[in-house]
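Written out below as structure tokens is the structure these notes cover.
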Amino acid sequence: MSDGDSDNKKLVNFNAPEETVETAKAKLEYGEMSERLRETLEQIAHGADVAEQTRVKDQLQEKRKDRREIESDIRRLQDERDEVDQDIERLEQRLDELADQEGEYDGFLKSIEADLHDGMHVWETHAKVEQAAQIGQTTPEAVLDDLRERNPTIPEEQYAMKDAV
């Protein structure tokens, strides 16, 4: 076992030219000088193989940490994707509901149109107009406007109560 793996540590202090220390610090990342000095002690004490083994172990540990972070990111992104998939499904269902509702409204308007072509009168409080408004989630006035727009040949008198004409 190398000294780097031991829990027993010894503080090592030594003097070096200040300019050399500052120049070395400037060229290294924070904490890297201590790491390099420890590696040098390992090499002196145990030879180059142990120092390389320590360096490889450190690299392995760093790569495993990187992998854990990536796996965490993947799980987070998968969770986000699942939420987006749920939103998509909910919106598609709502769109289908709206299409069904629009189709039902259109079908009901066609039924009223057939009645109009047979001479029936309709008005705002007419049961079929109120039912169409409820299906289309609109107002009876809007239903009559839709009928007028879709059937420009129907006389305006048919959009009023028969007794009122």
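The values are calculated or read from the model by the stated rules, or taken from the named source; none is laboratory data. Keep in mind that this is a model prediction, so the values were computed, not measured. Neighbour counts are summed over all protein chains in view; Cβ atoms, including those assigned to glycine, are modelled from backbone coordinates with ideal geometry.
Couple of notes before you dig in:
- All positions within region 7-26 that are within 48 Å of the chain's Cα centre (by Cα) and either closer than 20 Å to LEU41 by Cβ or assigned to a loop (DSSP other than H, G, I, E, B) (or both): ASP7, ALA24, LYS25
- Within region 34-61, being hydrophobic (A, V, I, L, M, F, W, C) and either exposed (fewer than 11 other Cβ atoms within 10 Å of the Cβ) or free of Cβ contacts under 8 Å to residues at least 12 places away in the same chain (or both) holds for ILE44, ALA48, VAL56, LEU60.
- Selection status of GLU104, free of Cβ contacts under 8 Å to residues at least 24 places away in the same chain, outside any loop (DSSP other than H, G, I, E, B) and among the acidic types (Asp, Glu): no
- Residue check, LEU95 out of contact with any Cys (no Cβ under 6 Å at 6 or more places or on another chain), at pLDDT below 90 and not aromatic (Phe, Trp, Tyr): yes
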